[in-house]
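Inspection log for the structure reproduced underneath, given as structure tokens.
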Amino acid sequence: MDQRHGVDNRVRVLWVLAQNPGQLTPSSALVRELKITRQGISKIISTLKDEGIRISSVPQRGYILEGGPEGDGFSPSWAEMLLMDSPLGHPIFHYASIGSTQAPLKEMAAQGRREGAVVVADEQTSGRGRQSRRWESPKGGLYGSVLLRPKLLPRMVQAVNLACAMAMGDALEDLCLIRCEIKWPNDILVRGRKICGMLSEGVVEVDQIHHVVSGFGVNLKTTPMLEDPLTEATSVAQEGGSVPSRHDLLAHFLKRLGFYLDILGMDPKKFMEMYVSRCCTIGMRIRGTWKEDVIEGTAEGLDQDGSLLIRLESGEVSAFSAGDVKHIRPAEGR
């Protein structure tokens, strides 16, 4: 059994059962694998059932995994089991309702929690996006945050946003079968409408990125109202896509995020090329705003740290690293 990522016994029991779904797993096999008592196994099984996982108990013999949670229920154990081969997603904390999934993870990060911890909520009451705008998070979506400690130069912290966007774009396309585009830096659009927003908040020192907490909100079954004046919202259901379980979408996202962060660390130039190929902002006439400053021109590409390169009317190229970007029209000749 893979224990590299420090999963607890609850997830390890589920992983063993999942090797033979629908078939009896003897209690003796669980005792031997986990090196805990039958009573300990029984308590873990009860906890897993409380999470909505369907497990049948056969007295004096063992247990049968019938299936994962049904309906809209979320089981952190089930999600972790899907991520057994990933360094991200351990542990996963679940809340029925929370102000923002960012808050508890930022506290954990300050206390030294290792990379990979995730917080998921059924709904957020104080979700927010860029510029502290409110992000409506009603039940029916995937809302969460992941704690990252990337081994990147401090100036590359912006690129973590880009990696998150690439990963979620892959997850939505692969599982929902809808075509996604990325609006710089990390909005996921479908037909020009926003289906997913992300917010990364980091603590950066002079010589290292201490941590980054990256939050994500995906509209699955419902289409919330946006305070963002630059775009409309949509959802997977509204776009006619296949609505996946939150477990599957979260696991796919975190696996792809690990993949892109690895590329970013090993070959930043290659990563930027991959991102540019997916970013619908490149080649557009855009207007960028940051507080009272406004910049307008043609988005031509990315700087080495992920900043947007904008060619102004004067011909000068300026790097835009933070703020809102509005697409005006495609550049001439695009």
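The values are calculated or read from the model by the stated rules, or taken from the named source; none is laboratory data. Every value quoted in this text rests on a predicted model; they were computed, and no experiment measured them. Here Cβ is always computed from backbone atoms with ideal geometry, including for glycine, and neighbour counts include all displayed protein chains. We work out accessible area using only protein heavy atoms, side chains counted, and drop any ligands, DNA or RNA first. Shrake-Rupley method; radii C 1.70, N 1.55, O 1.52, S 1.80 Å.
Screening Gln19 against (1) under 25 Å from Pro87 (Cβ atoms); (2) of a type in the set (S, T, N, Q); (3) touching a residue at least 40 places away in the same chain (Cβ under 8 Å) leaves a single unmet condition, (3).
The condition of being touching a Gly at 6+ places or on another chain (Cβ under 9 Å), modelled with pLDDT under 95 and either within 26 Å of Ala79 (Cα to Cα) or open to solvent by 50 Å² or more (accessible area, probe 1.4 Å) (or both) holds for Glu227. In the list Ser28, Ser86, Ser77, Ser57, which residue meets the criterion of being out of contact with any His (no Cβ under 8 Å at 6 or more places or on another chain) and outside any helix (DSSP H, G or I)? From the options Ser28, Ser86, Ser77, Ser57, the qualifying one is Ser57.
Among the residues of segment 104-150, just one is in a loop (DSSP other than H, G, I, E, B), at pLDDT 95 or above and touching a Lys or Arg at 6+ places or on another chain (Cβ under 6 Å), namely Glu115. Which of the residues belonging to segment 158-207 are within 20 Å of Gly323 (Cβ to Cβ), among the β-branched types (Val, Ile, Thr) and surrounded by fewer than 19 Cβ atoms within 10 Å (Cβ to Cβ)? Within segment 158-207, Val204 is the sole residue that qualifies. Exactly one residue out of Ile45, Ile64, Ile98 is open to solvent by less than 10 Å² (accessible area, probe 1.4 Å) and β-branched (Val, Ile, Thr), and it is Ile45. Assess whether Gly258 counts as being in contact with a Phe, Trp or Tyr (Cβ under 9 Å, 6 or more places away or on another chain) and open to solvent by less than 60 Å² (accessible area, probe 1.4 Å). Against the criterion (in contact with a Phe, Trp or Tyr (Cβ under 9 Å, 6 or more places away or on another chain) and open to solvent by less than 60 Å² (accessible area, probe 1.4 Å)), Gly258 does not qualify. For segment 23-42, the set of residues classified as under 30 Å from Pro244 (Cα atoms) and open to solvent by less than 50 Å² (accessible area, probe 1.4 Å) consists of Thr25 only.
For Ile64, the conditions (1) under 16 Å from the mean Cα position of the chain (by Cα); (2) modelled with pLDDT of 95 or more; (3) not aromatic (Phe, Trp, Tyr) all hold with the exception of (1). Considering only residues that are aliphatic (A, V, I, L, M) and farther than 10 Å from Val157 by Cβ, which ones fall in segment 193-211? Those that are aliphatic (A, V, I, L, M) and farther than 10 Å from Val157 by Cβ: Ile195, Met198, Leu199, Val206. Of everything in segment 303-334 that's in contact with a helix residue (DSSP H, G or I) (Cβ under 7 Å, 6 or more places away or on another chain) and touching a residue at least 60 places away in the same chain (Cβ under 8 Å), which residue is most open to solvent (accessible area, probe 1.4 Å)? Across segment 303-334, the extreme among qualifying residues is Ser321.
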